[in-house]
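**Q** Got a structure for you, questions after.
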Ligand SMILES: Cc1cc2nc3c(=O)[nH]c(=O)nc-3n(C[C@H](O)[C@H](O)[C@H](O)COP(=O)(O)OP(=O)(O)OC[C@H]3O[C@@H](n4cnc5c(N)ncnc54)[C@H](O)[C@@H]3O)c2cc1C
């Protein structure tokens, strides 16, 4: 398929996913749905052409991700976690591993997930120790989406001064197993689990990346400061409804969202020297908070019927809340809290003179 046709394919899929989103949240994402996304060419967006990927421009990926996240957040999240694996493998010095997996990852015959968010914490909870020519990974990764749906998982572990990422079959076994599905307030259908690793053997052939932890953290700090398209996909879907229930409010919020979205994507496309991390963090914080505002406006405009599980308004509001914490770094947490604390509506001018009131 021509890469420029992929957003249209996503929109067609999105229309059918939207009708099923409530059921999917209750009963869980199904592999057959991921296979439909794969058949439409949506698993190889970030992959190189030699492996069958379409290596699309960032804006094509964004349109697809916005569409899927607004249609069915649960399916979007499982699909989303596939892409970091494709990207890291495409850039890997382990050419043998890339040749082994990338064609099937790009076609979607193999579905991937990730388990490395703990590396952002000052005390990483999965550690790697040298074992002969390879490694042993031990500890707990608190989040892994898609368990039972994915075939392989990219696991990250820390040594004293390095990070090691390995691609591992996503099966329960004595060395790695799910510690149970998490009972989540949003994205409950994503089969998200905590993973326990007990001396998981990692051969050198399975290592995707090994680098100094400080360098990885610096690159991740920059990457995670940029807003994900899903942060916009959810409020865009909510705005389409708000346009019918409260048109004037929808117009005002739509223009703010448009401005934040343009700015976020412009910053994400800029290189590190052109746009500071602080500017990226500020735009992302604005975007996630605007998502909460827009979905709240829709709930308010609908009244009680917004609380019915079959209405998407309450689900979008919970998914906007999920984006307050998803892919959160310490810096993003601080930037978001700073914007909440300084937003004028939380401290109106007439009360500023009376801080004890
Ligand atoms: C539904 C859901 C699904 C998810 N799926 C996945 C998945 O499939 N794979 C995956 O890898 N992750 C996944 N995540 C994790 C996600 O990307 C974020 O990492 C997570 O939401 C951040 O919250 P936390 O409580 O786990 O992190 P925390 O450990 O609380 O850390 C959050 C941030 O605060 C900072 N921080 C924490 N403690 C300190 C401290 N003492 N000093 C300084 N800074 C500190 C760190 O920089 C860290 O990045 C998922 C999260 C959710 C909610």
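The values are calculated or read from the model by the stated rules, or taken from the named source; none is laboratory data. All values reported here derive from a predicted model rather than from experimental measurement. With ideal geometry, Cβ positions are generated from the backbone for all residues, glycine too; neighbour counts draw on all protein chains shown.
**Q** Would you mention how many residues in the range 310-327 are free of Cβ contacts under 8 Å to residues at least 12 places away in the same chain and within 14 Å of the ligand (Cβ to nearest atom)?
**A** 1
**Q** Further question: Yes or no: residue 156 out of contact with any helix residue (DSSP H, G or I) (no Cβ under 6 Å at 6 or more places or on another chain) and assigned to a strand (DSSP E or B)?
**A** no
**Q** Moving on. Identify all residues within the range 164-190 that are within 13 Å of the ligand (Cβ to nearest atom), touching a residue at least 40 places away in the same chain (Cβ under 8 Å) and touching a strand residue (DSSP E or B) at 6+ places or on another chain (Cβ under 6 Å); write none if there are none.
**A** Those that are within 13 Å of the ligand (Cβ to nearest atom), touching a residue at least 40 places away in the same chain (Cβ under 8 Å) and touching a strand residue (DSSP E or B) at 6+ places or on another chain (Cβ under 6 Å): 165, 170.
**Q** Within the bounds of the range 166-179, is there any residue that is assigned to a strand (DSSP E or B), at pLDDT below 95 and not assigned by TED's automatic domain parsing to the domain that holds residue 331?
**A** Checked against the condition, which is being assigned to a strand (DSSP E or B), at pLDDT below 95 and not assigned by TED's automatic domain parsing to the domain that holds residue 331, the range 166-179 yields at least one hit.
**Q** In the set 123, 92, which member is in a loop (DSSP other than H, G, I, E, B), over 19 Å from the mean Cα position of the chain (by Cα) and assigned by TED's automatic domain parsing to the domain that holds residue 38?
**A** Testing whether each residue is in a loop (DSSP other than H, G, I, E, B), over 19 Å from the mean Cα position of the chain (by Cα) and assigned by TED's automatic domain parsing to the domain that holds residue 38 leaves just 92.
Here's the yes/no breakdown for (1) modelled with pLDDT under 95; (2) assigned by TED's automatic domain parsing to the domain that holds residue 182; (3) within 10 Å of the ligand (Cβ to nearest atom); (4) assigned to a helix (DSSP H, G or I):
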residue	(1), (2), (3), (4)
64	no, no, no, yes
69	no, no, no, yes
85	no, no, no, yes
119	no, yes, yes, yes
129	no, yes, no, no
137	no, yes, no, no
142	no, yes, yes, no
150	no, yes, yes, no
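**Q** Continuing with this model, one more query. All but one of (1) away from the ligand (no atom under 16 Å from the Cβ); (2) without any contact (Cβ under 8 Å) to a residue 60 or more places away in the chain; (3) more than 25 Å from residue 266 (Cβ to Cβ) hold for residue 92; state the number of the condition that does not hold.
**A** So the condition that residue 92 fails would be (2).
**Q** Here is a check on your reading of the model: is residue 109 outside any helix (DSSP H, G or I), in contact with a strand residue (DSSP E or B) (Cβ under 7 Å, 6 or more places away or on another chain) and more than 10 Å from the ligand (Cβ to nearest atom)?
**A** no
**Q** Which members of the range 180-192 meet the condition of being farther than 11 Å from residue 144 by Cβ and assigned to a loop (DSSP other than H, G, I, E, B)?
**A** 183, 184, 185, 186, 187, 188, 189 - these are the residues of the range 180-192 that are farther than 11 Å from residue 144 by Cβ and assigned to a loop (DSSP other than H, G, I, E, B).
**Q** Moving on. Of the numbered conditions (1) buried (at least 17 other Cβ atoms within 10 Å of the Cβ); (2) within 11 Å of the ligand (Cβ to nearest atom), residue 229 satisfies every one except a single condition; which is it?
**A** Against the list (1) buried (at least 17 other Cβ atoms within 10 Å of the Cβ); (2) within 11 Å of the ligand (Cβ to nearest atom), residue 229 comes up short only on (2).
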